[in-house]
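Structure first, commentary second.
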Amino acid sequence: MEIVSPSPYTKPSIRIINNPHNTTHEIHHPYNKYNFNFNSPVNIITTSTTPKSPIQIQLPLHHNRPHHKKQTEFIKPSKKPTTTTTTIVDVLRLMDALGIKIPIDMYISLIKECIETRDSTGAVELHRHIGRSGIRLSLSFLNRILLMYVFCGCMENAHQLFDKMPVKDSNSWAAMIGGYMESDDYEEAVDLFVEMQKYDYANNDILGFPGSWILVCILKACVHTVNLELGSQIHGQILKAGCCKDLLVSRSLINFYGKMGCLEDADYVFDQIRGCSTVIWTARIVNYCKGEQFGDVINVFNEMGREGVKKNSFTFSSVLKACANMGDDGGCGQQAHANVIKLGLVSKGYVQSALVNMYGRFGLLREARRAFEANGEKRNAACWNAMLSGYIRHGFCIEAIKILYEMQAAGFQPHESLLNEVRCVCGSINN
């Protein structure tokens, strides 16, 4: 008997083969594309004994039907590719295991790799391996090792190597001084610079360093160590060498004298420069602002405009601070604000907070609020504190409390002193 379904949406076809020895039931289903041989019994119920009588076919239930299962026990699970990082130590161990002598060019490449990866462990192991190799180390190669230690933050190892070096040049001293400056050890940087002056090559030309940046570092160290004498001596040697045209060094000298409170010396350096840039002019304005000579700030700012020098956000930050301390009811500040709008610097964080602070000091709270909202939600903590301080200074308790809630919602915390002032203002109003 054979029943064939014309389409995959009808009942499956069944073929029954009778023989004297066995009865085979084969089920052919459109979805049985794998030709599985289902051995589960098929119950055939006949309603009549005649061959032409209709038959009813009862297929096995779903839970009795065997499922095709992937034979995963014969398939090894594929391993996910993992990215492994080969360290300097791994390379050295591999070369030792293979018995291969490392050439000096490969050592230089490994030193560069250590500098890029800041691998302090690899730097120490690499230096030891170089020492065991027995190769002759030149001064330039020792400077590379020294620089490797500095970049990896191993200043103790660097200093030990530096002390053992039989010969040093300006690169050796510059690497050590720069390393101590990077680690904020200004005293050690100054001591090394003073020690360097004992050597002949240092006495001939202070600018024998590989670049003027090392002088900038020393002047910065003089500010942190409050060493006016050394900074003045450096200035004298720069004048002697005739290198005052270096704008980077000149700017550092202006900053140095300004932070030390020697504004006349800073002006002297400024007057020696021709064609001063925005950075140099701004450094001079910052010095006057820190010295609370606010009238001179305005004068230098106006002179800067007459010279046609471009102003930036740092320039206006100091100028607006000076305007806030002028007794003109905000007139000078409003003129500066007009320049800020003209140059498109209103959205700058330093300028915005300075505007809010300036208007808040004079009680022009509407203008302060406009400046506060000019940059949308992109406000820094200084801007929030300036707006809060303006409300507190003029007794607007409710507005101050609102700003507090808005400030906290924006993820900023006010200064503790401002919180105390809010309590005092609100307490006095309640009383």
Inset, instruction - Return yes when S138 is without any contact (Cβ under 8 Å) to a residue 12 or more places away in the chain and on the phi < 0 side of the Ramachandran plot and no when it is not. - result: yes
Legend entry - Extreme residue, nearest to Q335 (Cα to Cα), among residues of the stretch 354-378 that are touching a helix residue (DSSP H, G or I) at 6+ places or on another chain (Cβ under 7 Å) and part of a loop (DSSP other than H, G, I, E, B): A374
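Given the options D185, D169, name the one that is open to solvent by 50 Å² or more (accessible area, probe 1.4 Å) and of a type outside the set (F, W, Y).
None of the other options fit; the residue is D185.
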Inset, instruction - Determine which single condition L343 fails, assuming it passes every other condition in (1) within 35 Å of the chain's Cα centre (by Cα); (2) open to solvent by less than 50 Å² (accessible area, probe 1.4 Å). - result: (2)
Inset, instruction - Confirm whether F314 is open to solvent by 50 Å² or more (accessible area, probe 1.4 Å) and of a type in the set (F, W, Y). - result: yes
Legend entry - I285, sole failed condition from (1) under 30 Å from G344 (Cβ atoms); (2) open to solvent by 40 Å² or more (accessible area, probe 1.4 Å): (2)
Legend entry - Flag for G376 being within 27 Å of A336 (Cβ to Cβ), open to solvent by less than 70 Å² (accessible area, probe 1.4 Å), over 31 Å from the mean Cα position of the chain (by Cα) and of a type in the set (G, A, S): no
Inset, instruction - For residues that are closer than 17 Å to C289 by Cβ and either open to solvent by less than 40 Å² (accessible area, probe 1.4 Å) or part of a loop (DSSP other than H, G, I, E, B) (or both), tally how many sit in the stretch 224-266. - result: 9
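The values are calculated or read from the model by the stated rules, or taken from the named source; none is laboratory data. Since we're looking at a predicted model, the values are computed, not measured. Heads up, the Cβs are rebuilt from the backbone with ideal geometry, glycines too, and the neighbour counts pull from every protein chain shown. Accessible surface is based on the protein model in full, side chains and every heavy atom, while ligands, DNA and RNA are left aside. Shrake-Rupley method; radii C 1.70, N 1.55, O 1.52, S 1.80 Å.
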